[in-house]
Every structure is written in structure tokens, then in C-alpha cells.
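To keep things clear, I will list the structure first and then write my remarks on it.
All of the numbers you see were taken from the coordinates with simple rules; none came from a lab. Every value quoted in this text rests on a predicted model; they were computed, and no experiment measured them. Here the Cβ is made from the backbone with ideal geometry for all residues, glycine too, and neighbour counts use every protein chain on show.
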Amino acid sequence: MAPSRALRLLVLSLVLKAHAAVYRTVPQSTAVLLGHDVTLNCSLSGLSEQDVVNWHWYNRASQAKHHHISAGSVVAPEFSRYSIVGDTEGGEFNLRIQNARLEDEGKYQCSAFSVQGATTMQLFVVVPPTVVRITGNLTPRVVGEGLVLSCRSEGGSPIPRLSWYNGTVRNPQSDHAFIMDAETSTVAVNLLIPSLTKWDNGANISCVSDQGFPGTVRPKAAWTSLVVYYPPVVTPDFPSARAAEGQSAQLSCHVNSSPVTHVTWARLTNGKPTDIAHSSDVLQLKNVSRTDAGLYECRADNGIKPSAAATVMLDVTYAPSISRTFDSEISVLYGQDVLRLECVADGNPKPRVWWRRNDTNGLYENPLTLSPMDYRAEGLYECVALSAGFIGARRRTFINVIGRPDVLGDTAAIFADEGEEVTLTCKVMSDPPCDAVQWVFRSHSGDEKRLHPGENDGVKVKTVLGDIREDVLTICKIDASYTGTYVCKATNVFGTDQRQFRVHIRCKLSLHPQVSSMLLIVTLCTSAAAATTVLIILAFCLHRLVNRLKRADAQANSRNCAGSETDKASSDLSTCPRLESSKGPARPLKQRTCSTLLSDNNVSCDELFFPWCAGHHPNHSRVSRQRQLESAMKAKYLAETRKVATRRPDDADMTQVFGAVQVEVTDKISRDPARPSPCKLPPDPGRTKENFETKSNLDSFLKKGGYCVDSEDDTRIPNDRCRKSGCRSRHCRLLLKEKVADDTNPERQVADCS
């Protein structure tokens with residue numbers, strides 16, 4: 001029986017699941033203000049004819065069980081403010097509550113028999129708080145003090161959440177709110193500021209009461225603005241100000257304080273303030289003078305200690321002026337050591353002061369210092385003071401030198417030919433003027449004679465007055481009787497001064513005619529010897545220079561030929577059978593001394609270097625090459641012997657350099673002036689006598705089949721004659737009769753050329 005019942009239940013559950021209804025609109029928790037209408041939405045899909053949609057309610061406050069509100073569209077009579085609205089045929093069964101009350105708050109459920117997992121929603125009936133306020137000591141506070149504020153919210157359902165804000169920034173102390181009275185729904189939170197700063201002044205502090213339903217009820221807030229008193233801070237707009245004398249000046253300071261206060265200005269004199277009847281941030285001074293320049297103080301005091309002050313420096317500029325520290329004329333005694341005259345000038349900016357003398361372009365530093373004092377220092381001097389932006393100031397003084405006369409000049413010696421006119425000038429400066437100037441003549445014997453103005457036995461005396469007095473004595477025709485000492489003496493009340501002139505007759509030198517002739521001859525000989533010496537030195541230097549140029553030219557030609565002529569010669573000789581047979585491994589190139597070879601088939605090959613070889617035309621193109629190589633041989637000889645090429649080397653010299661068997665070239669080629677050789681090889685450490693493979697043993701050469709041939713008629717020379725001459729005749733060459741079996745390169749056995 002039990003199994004059959006379980007089976008029926010299983011079948012029933014499967015049928016129900018197959019025909020279960022589902023929510024089209026899921027019920028959502030919502031809030032409503034007290035006294036307002038609210039609609040709780042609920043719509044289902046897949047309802048069958050047997051399904052009935054029911055609304056149930058659970059009141060949290062009364063702890064009551066679910067109350068059945070409606071079945072379908074029928075509402076229970078005790079819920080007179082409730083109704084079902086919507087398209088019930090389409091599955092909409094929305095519950096509408098009119099004039100919501102606090103007892104309507106609770107959980108609501110919309111479901112049908114076939115609905116799986118019925119959903120429950122919450123209805124909140126919101127009652128806004130009656131009041132939100134901030135309490136505490138809201139009077140102005142002084143910087144450094146603490147502050148405690150309290151935010152209190154009364155009434156409201158649900159109980160609101162309180163938060164402190166400084167402007168728009170939330171204060172973390174808001175998390176410490178507490179409930180004061182649950183029955184009246186009173187809640188509070190405190191704000192603690194341990195130490196107020198100047199930056200807290202004017203801060204906007206607010207307390208916000210939020211019930212958490214922004215779409216239903218807006219949060220309430222209370223706010224207050226903090227007032228914090230702090231001492232003033234004074235800052236000058238400009239630390240200094242400048243104005244020209246007679247213009248206006250403006251000084252200003254900026255004050256930051258709470259409560260706001262103005263500044264008072266004072267002028268500091270010796271560090272002590274002198275009050276000015278002015279209490280504004282800007283001090284205006286009109287028509288300033290140089291006495292107004294100085295340090296000004298702006299001070300602020302708002303009752304919060306300490307007070308503050310700042311200073312502003314006023315700089316008044318004015319034109320330079322010169323103090324009357326010296327008179328317009330200053331008299332000094334002649335001979336005084338030093339005159340020091342200082343010019344005191346005042347001005348802002350500080351003027352530059354110097355002295356100048358009117359009758360000259362000379363400038364003098366201040367103070368003016370003149371030493372020693374004589375009549376030449378007398379004159380009009382001017383002190384000049386200049387400042388930027390102003391007209392300069394000037395003050396003059398005349399320096400008057402008084403004292404004994406000053407006869408200008410020292411003792412002089414006058415030489416004149418007999419019969420000439422002699423003029424003696426005596427210049428005198430004196431203040432006061434001298435009484436008279438006396439001329440006295442003292443002869444060599446010691447006799448004295450006073451010369452008066454006018455003519456005195458061939459001597460004239462006259463006076464020319466001016467800034468400088470001149471007394472002139474003229475001897476018309478001088479002779480031995482007029483020679484001696486002339487004294488010019490000036491006198492005034494302060495003393496005397498004099499000057500001496502020693503007059504002499506110039507002696508004439510007369511020589512004997514023979515002595516004059518000898519002196520002339522000696523002079524001419526000395527001049528000729530000097531000129532000859534100079535010419536010899538110049539010739540020697542020129543000779544040395546020419547030799548150096550020649551050697552430099554020879555080295556340059558050798559370097560040029562090494563590149564161009566050798567390449568050309570190599571191309572011309574590339575067809576020679578002997579050269580073809582001599583090609584082998586690369587080896588250092590060496591200077592060829594002669595050519596004595598025949599071709600392998602005994603046909604005469606073009607001789608490479610000697611134009612007189614058989615079959616070689618004298619106008620062949622290789623003749624020039626022969627001359628080049630001949631010059632190279634000479635250069636090698638000179639490098640070995642280190643001799644200057646003053647003569648042509650003979651056979652013995654060439655043999656000493658190149659070996660015992662040496663073939664000498666013909667004179668007509670080597671001495672042909674029309675064909676100079678362009679090639680001269682410089683000394684080369686690699687080209688020594690040991691590197692030349694010239695055959696030095698004539699006997700071994702003859703044993704290998706060689707023989708001597710005379711170049712004149714191309715006839716063979718007997719071996720004994722060849723041994724005797726050693727191939728030292730001028731027209732001689734050595735030939736190989738045939739190849740030697742053990743020598744694959746007979747050309748190198750005789751001579752090796754590069």
C-alpha cells in the first residue's frame with residue numbers, strides 16, 4: 001500500500017512541475033511615505049484554470065502570522081484599504097494599498113499553488129525625522145583650541161543614519177553614531193576637533209540624516225560655519241619702493257587675519273617707530289624729498305597675540321650736488337710738497353666724482369692731488385659729479401701758485417762755429433712778477449760782467465712779456481772772447497732763481513793730406529773685403545741649396561720610375577722566351593747587371609738592357625729602358641761607395657760593387673747628353689752587393705758551357721783570353737752555349753735582374 005501511495009505522489013509532483021506557473025514580474029521590496037498610496041506588483045505566467053493567486057501578509061510589529069489578504073481578485077473584508085489591480089486575465093495581480101500606515105509595514109507574498117519557490121517582498125512605511133540639528137559651542141574659537149559638536153536627529157522610521165561632512169568630505173567620526181531614545185527614535189553623533197587651525201576658519205560643517213530611501217524621502221541636513229580667530233600675518237606687496245624727489249610714492253602691505261584688521265604705518269628712525277596718522281593697507285606719500293627716504297613699518301593687531309609687522313624700504317633719488325668744501329680760489333706756496341683737494345658730492349644714486357683742468361684734456365681722480373707745486377700746476381680746475389638719470393653738478397676753483405721766480409730749464413752747454421750768431425733764451429715764471437732779470441757774463445778767467453738791456457759790445461739783451469716772461473740774449477758774431485758762462489738771474493720778494501749757459505766755440509779738425517789719403521784707402525779696402533766675404537758666403541749657400549734640390553729631384557724620379565717605367569717594361573718583355581722560362585715562385589726583385597742570354601732554341605732574343613746585342617736595332621724602344629737601368633746601376637754604385645757622382649765609374653769600380661764578372665755598358669749610351677736617364681734608384685738596404693747573384697767564378701761559368709764573345713764583331717774569344725781579361729774589355733759579353741742539366745733557370749745563374 002505504501003509503495004503505491006509514494007508512486008502516486010511522485011506522479012502528482014511530476015504533473016505539477018510540468019504545469020507549474022512562473023513569475024513574470026517578481027515582487028520587489030519597496031518603501032512608501034506615511035499616508036501615501038503604494039502598489040505591490042505581481043504578475044505570473046503559465047497559470048492553469050485551477051490556480052488561484054493569493055496575497056499574504058506578515059506583520060513584524062504584531063508578531064502575527066500570515067494574514068490571507070486576497071484570493072484571486074477577491075480581498076478580505078478586514079483589508080478595506082487593499083485592492084487587486086491589473087489585468088487578472090493576463091496574470092497581473094497587483095496589490096494596491098491606500099493611505100499607508102505604520103501597521104501596513106511588513107512582509108508580503110504573492111503566490112499560487114503551482115508556483116515553485118514563492119517570493120517574499122518587504123514593505124517599508126517611512127516616517128521622516130522631525131528635526132535634525134547641530135549643538136555645541138558654536139561661538140568663535142581661537143586657533144589652537146578644541147571643539148566638540150553634536151548632531152541630533154529626532155523621530156523618523158526607520159531610524160536615520162547620521163554623517164558629518166567638512167564641505168563634501170565625509171568625516172570618519174560619523175561611524176560612531178549612537179541611539180539616545182528608541183521610543184522617540186532619537187539618534188546622535190559627535191564631532192571632535194582637538195586643535196583648531198587657521199585653515200578651519202570658515203569651514204562648512206554639515207550633518208546629514210539619511211534613512212536609506214533616496215527615491216522616497218530626501219536626506220535632511222543641518223550645517224554650520226566655523227569661526228576661528230588667529231593672529232595676523234603681514235606681507236608687503238613690494239619689499240622696497242623708489243621714487244624721484246618731488247614725485248609721489250606708494251607703500252602697501254597685505255594682512256591675513258581673523259578677525260580682519262587694518263594696518264598702522266610708522267617710520268623707523270634709529271630702530272624706533274614714529275607713528276603716522278594712517279590706518280590703511282596702502283600708504284600714500286606725496287611730493288617726497290630725500291628726507292623721506294628710509295624704512296617704513298606696517299603693523300597689524302586684531303587682539304589675537306602676537307601682532308605682526310613688515311617693513312618697506314623707500315628709496316628717494318635726487319640729483320647730485322657738490323658741497324662747498326673748497327673756495328673758488330686757492331693760493332699755495334711755490335715748492336710746497338703736496339696739495340690735496342677733496343670734492344664732496346652727494347646724490348642718489350651715488351655720483352661718480354672726478355677733476356679736470358680747463359685748459360687741458362687731463363682728468364684727475366678725486367681727491368685732487370698735485371705734487372710738487374710749481375707754476376705749471378697753476379690753473380682753473382673743475383670738480384664734476386655725475387649720476388645716472390640726472391644732470392651733473394660742477395664746481396670750479398682756481399689754484400694760484402705764489403712764491404719765488406722759477407727759471408725754466410737746467411744748465412745748458414752751447415756749441416757754435418766761430419762767427420755764428422748765438423741766442424740764449426731765459427724763460428721765467430713768477431707770482432708776484434719778478435722785479436728784474438739780470439744777465440751776468442763770467443769769462444774763463446773768472447771775470448764777471450753785467451749785461452744790461454740793449455746792446456753791450458756785440459751782445460743784445462731784450463725782454464718779451466707774456467704768461468711766461470722771456471729774456472733773450474743774442475751774441476751777434478761769436479769768437480773766443482765771448483766764450484764762457486752766461487747767468488740768467490730772476491728775483492722777487494720771495495727769493496731768486498737762476499740758470500747758466502756755457503758757450504763754446506766748436507773746433508775744426510784738419511788732417512795732413514797723406515793721412516787723409518791713407519784713411520780713404522783703408523776705408524775702401526775694408527769695404528771691398530766685406531763685400532767679397534758676403535759674396536763668398538752667398539755662393540756657398542747657393543751651392544748647397546742646388547745640391548739638395550738635385551738630390552731631392554733624384555729621389556722623386558726614382559719613385560716615379562719605380563711605378564710607371566717598370567710596369568711598361570714588364571709588358572714589353574713578357575714575350576721573351578727566357579723570361580717565360582724564368583717564371584717561378586715569387587722572390588725579391590734584384591738589380592740586373594747585364595744580359596748575356598740566348599733563347600732556348602739558340603735564336604737570339606732581344607737583349608733586355610744592352611742595345612748592342614746581336615739583332616737589336618739601335619733605335620729600338622728598349623734603348624730608353626737601357627739608359628734607365630744604366631742610371632740605376634750608377635745609383636747603386638753611388639749608394640755602395642757613398643761617393644758624389646763627379647766622374648763616371650770605371651770597370652774596377654763597377655766590379656767592386658756588382659762582382660768579379662761585370663759587363664760594362666758602352667760610352668756612347670752612358671755619356672749621351674741628349675738622352676739623360678730619368679731613373680735613379682735611391683739607396684735600399686735590400687739591394688746590397690750580397691743580393692746580386694752575379695757569377696763571380698769565371699771558371700765555373702766556362703765549365704757550364706759559357707764562352708766570351710767580342711761585341712765589336714760578334715766573334716768568340718778564346719777562354720784563356722777571357723780568363724786573362726776577366727771580361728773587363730769595353731766591348732764584351734758572356735753567353736751560355738747551352739743549358740746546364742742541373743740548372744733549370746740558366747738566366748739566374750749568370751745574372752738576376754728586377
Sorted by chain and then number, the residues having a modelled amide H within less than 5 Å of the amide H of Ala21, at least 5 places away or on another chain, are Ser114, Val115, Gln116
Read phi for every residue in region 283-289 and hand back ³J(HN,Hα) as whole Hz from Karplus 6.51 cos²θ - 1.76 cosθ + 1.60, θ = phi - 60°, with x for Gly and Pro.
9, 9, 10, 10, 6, 6, 10
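For region 408-505, with only Lys/Arg (+1) and Asp/Glu (-1) charged at the beta-carbon, what is the dipole magnitude about the Cα centre, in debye rounded to 20?
On the way: 11 positive and 16 negative charges, 39 e Å.
Around 180 debye, computed over region 408-505.
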Residue by residue through region 268-273, which ³J(HN,Hα) values in whole Hz follow from phi under the Karplus form 6.51 cos²θ - 1.76 cosθ + 1.60 (θ = phi - 60°), with glycine and proline marked x?
8, 10, 6, x, 10, x
For region 438-451, 3J(HN,Hα) per residue [Karplus equation, 6.51 cos²θ - 1.76 cosθ + 1.60, θ = phi - 60°, Hz, x = Gly/Pro]
10, 9, 10, 9, 10, 6, 5, 7, x, 6, 10, 9, 8, 9
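Per the Kirkwood definition applied to all pairs of different Cα atoms, how many angstroms is the hydrodynamic radius of region 323-404? Walk me through the intermediate numbers first.
Values: mean 1/r = 0.0751 Å⁻¹.
Computed over region 323-404, the radius equals 13.3 Å.
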With unit charges on the beta carbons (Lys and Arg positive, Asp and Glu negative) and the dipole taken about the Cα centre of region 230-319, which residue among Ala243, Val260, Ala309 sits farthest to the positive side?
Ala309
With unit charges on the beta carbon (Lys/Arg positive, Asp/Glu negative), name the residue among Cys434, Ile414, Val461 whose Cα is farthest towards the positive pole of the charge dipole of region 408-505.
Cys434
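From the P(r) of region 76-174, could you give the percentage of C-alpha pairs in the tail past 20 Å?
Values: 3065 of 4851 pairs.
Here the long-distance tail beyond 20 Å is 63 percent of all Cα pairs in region 76-174.
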Listed by chain and number, the residues whose amide H is under 5 Å from that of Asn171, excluding neighbours fewer than 5 places away on the same chain and using placed H, are Trp164, Tyr165, Asn166
Percent of Cα-Cα distances greater than 22 Å, calculated over region 131-226
28
Which one of Asn348, Tyr375, Asn361 is farthest out on the positive end of the charge dipole of region 323-404, using unit charges on Cβ (Lys, Arg +1; Asp, Glu -1) and the Cα centre as origin?
Asn348
Collect residues whose amide H, placed 1.01 Å from N in the peptide plane, falls under 5 Å from the amide H of Asn492; neighbours closer than 5 in sequence don't count.
Asp435
